[in-house]
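None of the figures in this text is laboratory data; all of them are computed from the coordinates on show. As the structure is a computational prediction, the values presented were derived from the model and not from experiment. Heads up, the Cβs are rebuilt from the backbone with ideal geometry, glycines too, and the neighbour counts pull from every protein chain shown.
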Protein chains: 2
Amino acid sequence: MAIKHGKFSFSFEKKIYIAGWGNVGGVKEQQGPLGGLFDSIEQDFYCGKKTLEQAEVHLQQTAMENALRRAGLTQEDLELVGAGDLLNQCISSAYSFRDSSLPYIGLYGACSTMALSTLIAATAIEAGIAQKTASLTSSHFGTAERQYRFPLEYGGQRPPSAQHTVTASGAVILSTEKSPIRLEGGAYGAILDAGVTDVNNMGGAMAPAALKLILDYLQETKTQPQDYDMILTGDLGSIGASVVLDLGKKRGFDLQSHYQDCGLLIYDRDQQDMHAGGSGCGCSAAVLTSYVLPKLKKREWKNVLFLSTGALMSPLSVMQGESIPSIAHLIHLKGEA
Amino acid sequence: MAIKHGKFSFSFEKKIYIAGWGNVGGVKEQQGPLGGLFDSIEQDFYCGKKTLEQAEVHLQQTAMENALRRAGLTQEDLELVGAGDLLNQCISSAYSFRDSSLPYIGLYGACSTMALSTLIAATAIEAGIAQKTASLTSSHFGTAERQYRFPLEYGGQRPPSAQHTVTASGAVILSTEKSPIRLEGGAYGAILDAGVTDVNNMGGAMAPAALKLILDYLQETKTQPQDYDMILTGDLGSIGASVVLDLGKKRGFDLQSHYQDCGLLIYDRDQQDMHAGGSGCGCSAAVLTSYVLPKLKKREWKNVLFLSTGALMSPLSVMQGESIPSIAHLIHLKGEA
C-alpha cells in the first residue's frame, strides 16, 4: 500500500522500476540539442503512411517497440497499458493498440499525459492488478496543427509566445524486477485555472499548476529543491518556465539551479526558430526517454522530480471565451546502484 | 493486493464500497422508462447556460452534488476523481473541476468511460493512494450531435441502426467504509477492432469487444451467466445487444435471461422514436446510478456484472476510411447484507 505524504504526494510501497524506455522523433527533433539521443528518427513527415494521423500511430508503435526491445520484453509480457495523445478522441493511441489484446486505459491529460499514464501504470502495479505495465504518449506537428490551429498550408503567423508541437513519441515500461531506475512515487495533480485565455500562451497558462504541484510535493515530503538533482516540467516553454522561477522565488523557493523544462531542452531556440519552445504530449515523453532516464541510469542524476503539464481547453471552449484549465502530474524517479 | 483470476479479471483485496451515487437527466430521459428514477431532471436543454457545453458541465456538477449528498460527503472529503466525456479534449470534465482542488485523472474511453473511471477510482483505493474517490461521466445530445455529426438545425436523417446520445450525467463515490454495495472487482478490457466502418452502427462495432470481455470474465472467474442476477452492457442498443446474444449462443453461452443493455433500458423505443436506443457515456452512467445501484441496495439483485462499451473512432478517422476500434471495461458489483 502506497504511503501518502499529504493530499497529493505518495510513495509506492512496492519497488517499481523502469524496465525500459523508447522513443522516436522527427527531423526537427533530430536537429535539436537532444537529436543524437533518440532511438530512431523518422525522416518522412508522413512516416511513409497515407495520412498524418497514421504517421502518429506509427510513432507510438515505434516508441513502444524501442521500449520493449530495451526492456528485453515483448508486448505479450505486458499486462496493462496507459496511453494518450492530443487528437480528438485520442485516436493515435486507440489505433496504436487496435490489433493488440493488451488491457488498455485511454487517458486525456493534454501535454500532462506522459506523467499521468506512468502514474496510472504504476498505480496498477501497486494495486496488484499487473506486474508489468507500459505508458506512452505521442504528438505530431502536422496532426496537432491542423486540429488545434490551421492546416500547415494556410501558413498562419505564430506569435513569439507560441510553442511548436513536437513530432515524437515516448514509451516507458514498468516492472517490479530490479533495474537501475526506480519510480519512488508521485502525485496526481488538480486542475488549476489561472484565467489565461490566450491559446498562444499555453506555457503561461500551465505554469501556476506546475509550480503548485512542485511546491505541494516539496512541502508534503518535507524536501527542498536542492534535495533533487533536477526538477523538470513538461513543456512550459520560455514564458511558462520563467513564470515558474519567478513565482517560485516569490514563494520563497529558489528553483533556478535545479530546474529545467522539456520544452526548452528539445529545440535550439536560437537556431531553430521555435518561438517559446516545444510542446505537445510527445515533448515530455521524448525528453523523459532520451535525456532524463539515461542520465538516471548513468547515475549522473540520482533523484529527479519530473512533471508533465497540460492545458485542458479545446478549440471550441476557447472560441466560446473560456479560460484555460491546466493540470500537472508528477513522477519521482531515483537512480539506484 | 488485488487477486488476479487471469489476464483480464481481478478481485480487489480491500473491501471497496459504493458510498453514494447521483445522476441527472434531460427531458427525453425523463420520458423514458427510467424517468422516475433520476435524482434530478433538467427541463432546459441549455440548463440555463449560454452554451450547450456549459450545460454539459452543469450536468456533471449536478450529478456529483447528488452523489455527494447521498454519500453524506462534501467534495473536500474526496481524494481523487476519474472523469471523462465525449467532447474533444474532454472539456466537460476539465471545466467541471476547474475550481476544485481535487486530484484529477482525465480519461477517454468514449462510452466505456463510466466503468473505466470507476475501475480507476477503485484501483487508486486498492493501491492506498486514496480512501475516498469518485468517478463520473456525462453526455449531452446537443454537444455530441454537433461535434460528431451535424448541428441539430441541419435536421440530418438518421438510419434505424443509429443511436440517440443520452443527455445525462452519473457519478459514483467509492469508499472503504461499509455500505450495502461492494465493488468486488472487474476487468480493464483490450481494444478490439471488428472491422465495422459504419458510424451509424456503433452498437454492432462495439458488441464483439463487450462479448469478449464478458466471456473472458466468466472463464477466468470460473462462473456462468446464471451465477449473476444480471449482466449489463453500456449502450450497444438493439443491434449490438442482439449481436452479443447471438454470438454468445454460438460460443455456448445462453445469456438471454441474464442480460440487459443500458441503451435499451433508457428509452421507450416504441414511443420515443429513438432508433436503435441510447448511447453516449452518460447512458451507462445514468442507468448505473438510477437503476442498477438502487436494485443492488434493495437486494433485488446481489451479483451484477456491469460493462460500459466504447467506440474509439473520431469523425476524422472515419472520414479517412478507418474502421472502429472498440473497447469494454467491466465492474463486478455485489449487494451485501
Out-of-range pairs (alpha-carbon distance over 27 Å; input B:28/B:49; A:178/A:302; A:178/B:212; A:222/B:4; B:212/B:298; A:14/A:250): A:178/B:212; A:222/B:4; B:212/B:298; A:14/A:250
Neighbour-count ranking [beta-carbon atoms within 10 angstrom, fewest first] of B:14, A:50: A:50, B:14
Under 5 Å, built H, 5+ apart or other chain: amide partners of residue B:81: B:104, B:105, B:134
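Based on the Cβ-Cβ distance of residue B:319 and residue B:101, what FRET efficiency does E = 1/(1 + (r/R0)^6) give at R0 = 41 Å, to the nearest 0.05?
The computed FRET efficiency comes out at 0.55.
By how many nm would the segment from residue A:74 to residue A:251 lengthen if fully extended, with 0.36 nm per residue of separation less the alpha-carbon distance?
This chain segment gains 59.1 nm when fully extended.
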Percent antiparallel among DSSP beta bridges (both partners in segment A:3-175, rounded to 5): 65
Most mobile listed residue (A:204, A:156, A:106) in chain A, GNM with C-alpha springs under 10 Å: A:156
Over segment B:181-335, equivalent-ellipsoid semi-axes from the Cα gyration tensor in Å: 25, 18, 14
Alpha carbon convex hull of segment B:215-265, volume per residue in cubic angstrom: 71
Relative pair counts by distance (%), Cα atoms of the protein assembly as shown, 20 Å bins: 21, 57, 21, 1
Per residue, the convex hull volume that the Cα atoms of chain B enclose (Å³): 123
Label-point separation, residue B:30 to residue B:43 (7 Å along Cα→Cβ), nm: 0.6
Candidates B:140, B:275, B:58, ranked by Gaussian network fluctuation over chain B, Cα under 10 Å, top entry: B:275
Karplus-derived HN-Hα couplings along segment A:85-99 (A = 6.51, B = -1.76, C = 1.60, θ = phi - 60°), whole Hz, x at Gly and Pro: 7, 8, 6, 3, 6, 6, 5, 4, 6, 4, 6, 5, 10, 5, 9
Karplus-derived HN-Hα couplings along segment A:21-30 (A = 6.51, B = -1.76, C = 1.60, θ = phi - 60°), whole Hz, x at Gly and Pro: 7, x, 7, 8, x, x, 5, 5, 6, 5
Calculated label separations, residue B:176, copies of the chain, 7 Å along the beta-carbon direction, nm: 1.9
Sequence-distant residues sharing a close amide H with residue A:87 (under 5 Å, placed H): A:92
Proximal lysines to residue B:295, defined as alpha-carbon separation beneath 16 angstrom and excluding residues fewer than eight positions away on the same chain: B:334
Segment B:6-124 - convex hull of alpha carbons, volume per residue in Å³: 137
Phi to ³J(HN,Hα) by Karplus 6.51 cos²θ - 1.76 cosθ + 1.60 over segment A:242-257, Hz, x for Gly, Pro: 5, 5, 4, 5, 5, 5, x, 4, 4, 8, x, 10, 8, 7, 2, 7
